[in-house]
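Peer 1: The structure under discussion is supplied below as C-alpha cells; questions concerning it will follow.
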Amino acid sequence: MTTTRTPLAEIVRLFLRLGFTAFGGPAAHISMMHDEVVTRRQWMTDQHFLDLVGATNLIPGPNSTEMAIHIGYERGGWRGLIAAGVCFIMPAVLIVLVLAWAYVEYGSTPQGDALLYGIKPVIIAIVLQALVRLAPKALKSPLLLVIGGAALALYLLGFNELLILFGGAFLFMGIQMLRVFSGTLALVLLGGTQAVALQSDPTAPITLWRIFLVFLKVGALLYGSGYVLLAFLRSDLVVNYWWLADQQLLDAVAVGQFTPGPVFTTATFVGYLLAGVPGAAVATIGIFLPSFLFVALLARLMPHLRKSPWTAAYLDGINVTALALMAGVLWQIGRAAIVDIPTAILAVAAAFLLFRFKINSAWLVAAGGIIGLAIFFILGML
C-alpha cells in the first residue's frame, strides 16, 4: 500500500497528545487512534486500520503501543516508527515516574478515582463509535458474523482470549480453503504460550542487567490484559527474586491502570522502586523494546497479507474475532464505568457529541476528567 508521507512534527504532536489523553486501556486507545487517523486525518481506510489491529494481535506486547508504532511507520517510515512509539509511551512514563517518586517518599500515590469517574463513561462512547465504524468492514459475510458472535459469547463466558482469537482466524481460513480447493481441512492445534521463567534465586542481587532481562522477557512473551501482566511480573519479582511484596506489585499495576497511555508503564514504576531512575529507564526500555522490533518485522509483511487467499482469510478471521473481543471489553468496562445517573448521562452525552458533531475524542476525555473531579469536589463539600 502506497501512502503519502506525513511531516514528522505532525506525527510527534498527534502521539504526544494521545499519550497524555489515552485513558481506558488498549480498546480505548485504539478507538482514539481510529478517530484521529481514519476519521479526522484520513491517513488510511477503515479496512487497512482494521488489518493493522488484526496484525498487532498476532504478536506479543501492548497492542495499542504497537498500533501507534505501526501507524508511525506507515506515515513516516523508520523515523515515524520511532517517533510515534516514543511519543505515545513517554507521557505515561514521566507521569508514572513522578508517582513512583511520591510512592517512595510518602508511601502512597495520589488517588485517581475522581479523574477516572468522569473519564470512564466517555471512554465507553469512544469505543462504541470505533466499533460502529469498523463493524461493516469486519462483518463482510454471514459466516464472519457467526464467528464474531461466537467469539463474543466465548469471551464473555470466560474463555481464553488468545484461543478465541487464533481459533476464529484458523476456522475462517480453513472454511475458505475448503471452499476454494474442496479438499480436506487440516486442523491446526495451537499450543498455549508458556512463560520462560528465569532461574529462581531469592538471593539474586538487584542489578540493572537483571531488571532489564526480567522486563525484556515480559515484553517479548506477553499476550493479553493487565491481569496477565500482573501474573508475569509476580512470577519473577515476588516469587522468584523476592524483590517486591505483593502489595507493592499491586500498587504498581494500579498506577499503570489509572494513568494515560499503555499499562506496560507499570515497568517504569517497578524499576524505580528497585533501582531509582536508572532502574525505571532499563525496565521501560526492556518491556517496550520487543514491540518496536516486532512491528518493524511485521511492517515488511503487511503489504503481502492481502495478496494471498490463505493469509487474507486468516486476517479476516483475526479481524472479526479482535472486534468481538473489543465488544466484550466494551461490555465489561461499561458495567464498571456506568455506576450511577451522572456517569450514565456522561456516557450518553459523549456518544451524542461523537456521533452527531464528531467532537475530538481527546477533548471529551479532558472534559470527562474535569467533570469527574468537579463532582467529587462538590460531594466532598457536602
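The values are calculated or read from the model by the stated rules, or taken from the named source; none is laboratory data. The shown structure was predicted, so the numbers you read here are calculated from the model rather than taken from an experiment. Positions of Cβ are generated from backbone atoms using ideal geometry, with glycine treated the same way; all protein chains shown enter the neighbour counts.
Table: residues versus (1) basic (Lys, Arg); (2) modelled with pLDDT of 90 or more; (3) surrounded by fewer than 23 Cβ atoms within 10 Å (Cβ to Cβ); (4) more than 14 Å from the chain's Cα centre (by Cα).
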{"residue": "Ala28", "(1), (2), (3), (4)": "no, no, no, no"}
{"residue": "Glu36", "(1), (2), (3), (4)": "no, yes, yes, yes"}
{"residue": "Leu58", "(1), (2), (3), (4)": "no, no, yes, no"}
{"residue": "Gly72", "(1), (2), (3), (4)": "no, yes, no, yes"}
{"residue": "Arg75", "(1), (2), (3), (4)": "yes, yes, no, yes"}
{"residue": "Gly85", "(1), (2), (3), (4)": "no, yes, no, no"}
{"residue": "Leu97", "(1), (2), (3), (4)": "no, yes, yes, yes"}
{"residue": "Tyr103", "(1), (2), (3), (4)": "no, no, yes, yes"}
{"residue": "Gly107", "(1), (2), (3), (4)": "no, no, yes, yes"}
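Peer 1: Also, quick follow-up: Restricting the search to the range 240-254, which residues are over 21 Å from Ala22 (Cα atoms), of a type in the set (A, V, I, L, M) and in a helix (DSSP H, G or I)?
Peer 2: Of everything in the range 240-254, those that are over 21 Å from Ala22 (Cα atoms), of a type in the set (A, V, I, L, M) and in a helix (DSSP H, G or I) turn out to be Leu249, Leu250.
Peer 1: Right, next: Considering the range 354-370 alone, what residues qualify as being in contact (Cβ under 8 Å) with a residue 12 or more places away in the chain and either closer than 22 Å to Ala27 by Cβ or of a type in the set (Gly, Ala, Ser) (or both)?
Peer 2: Leu354, Phe355, Lys358, Asn360, Ser361, Ala362, Leu364, Val365, Ala366, Ala367, Gly368, Gly369
Peer 1: Only one of these is modelled with pLDDT of 85 or more, surrounded by fewer than 21 Cβ atoms within 10 Å (Cβ to Cβ) and among the small types (Gly, Ala, Ser): Ala275, Ala254, Ala204. Name it.
Peer 2: So the residue among Ala275, Ala254, Ala204 that is modelled with pLDDT of 85 or more, surrounded by fewer than 21 Cβ atoms within 10 Å (Cβ to Cβ) and among the small types (Gly, Ala, Ser) is Ala275.
Peer 1: Considering only the range 255-278, I want to know if a residue exists there that is part of a helix (DSSP H, G or I) and over 30 Å from Asp113 (Cα atoms).
Peer 2: For the range 255-278, residues part of a helix (DSSP H, G or I) and over 30 Å from Asp113 (Cα atoms): absent.
Peer 1: Just a yes or no: is a residue in the range 41-49 farther than 15 Å from Gly261 by Cα and within 15 Å of the chain's Cα centre (by Cα)?
Peer 2: The answer is yes; a qualifying residue exists.
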